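**Student:** The structure is given below, and queries will be raised subsequently.
We did not get these values from a lab; they are worked out from the coordinates using the rules stated. Remember, predicted model here, so these are calculated numbers, not experimental data. All Cβ positions, even for glycine, are placed from backbone atoms using ideal geometry, and neighbour counts span all protein chains on display.
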Amino acid sequence: MPVELWVIQQKTGEDNLQVEFTLSSILDFAGRQLPSRQVVATLCQFEYRGIECAWTGVAFYDKNNLPTSDPSQDACSKRLSGCKCRFGANSPLSFGGFPSAGLTGSL
């Protein structure tokens with residue numbers, strides 16, 4: 001059997017023979033939900049050229065993913081296609097959306 005990990009949530013009782021605790025799953029995260037941000041399939045929620053975005057390239061693209069030589073026009077489309085034109089279609093992408101969330105079907 002796999003090892004189960006639990007977190008002591010609080011002490012709920014105590015007498016001379018025993019102590020009683022309330023346990024919660026290690027995955028409960030104190031009531032927080034995962035992911036802690038909204039799940040959006042088509043839009044990246046990362047700040048362009050920020051920590052999560054990780055795009056540090058010297059090439060500039062405009063909001064329509066077209067190459068530009070003007071740094072003031074450098075903007076992200078916030079779409080998966082924006083990551084692909086910057087990082088390459090077959091490279092790991094730091095897209096801040098959830099593309100597979102739009103693929104859910106009904107049973």
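**Student:** What Kirkwood radius, in Å to one decimal, follows from the Cα pairs of the chain?
**Tutor:** 17.8 Å
**Student:** Also, I was wondering about something else. Check the straight Cα-Cα distances from LYS63 and name the lysines below 16 Å, setting aside those fewer than 8 residues away within the same chain.
**Tutor:** Answer for LYS63, where 16 Å is the Cα cut-off: LYS78, LYS84, listed by chain and number.
**Student:** Can you give me the relative contact order of the chain as a percent, contacts being Cα pairs under 8 Å and 6 or more apart? Display every interim value, and only then the final one.
**Tutor:** Working: 134 pairs, mean separation 24.1, N = 107.
The normalised contact order for the chain reaches 23 percent.
**Student:** Still on this model: Restricting to DSSP H runs of at least four residues, report the calculated mean residue ellipticity at 222 nm for the chain, -39500 (n - 2.57) per run over all residues, nearest 500 deg cm²/dmol. Display every interim value, and only then the final one.
**Tutor:** Details: 1 runs with 8 residues, N = 107.
Theoretical 222 nm ellipticity from helices: -2000 deg cm²/dmol.
**Student:** Can you give the charge dipole size of the chain about its Cα centre, rounded to the nearest 20 debye, using +1 on the beta carbon of Lys and Arg and -1 on the beta carbon of Asp and Glu? Spell out each step's value before the answer.
**Tutor:** Working: 9 positive and 10 negative charges, 131 e Å.
Charge dipole of the chain: 640 debye, to the nearest 20.
**Student:** Could I ask something else about it? As I understand it, the dipole of the chain uses +1 on the Cβ of Lys and Arg and -1 on the Cβ of Asp and Glu, about the Cα centre. Which of GLN73, LEU5, PRO92 lies farthest toward its positive end?
**Tutor:** After comparing all options, I get GLN73.
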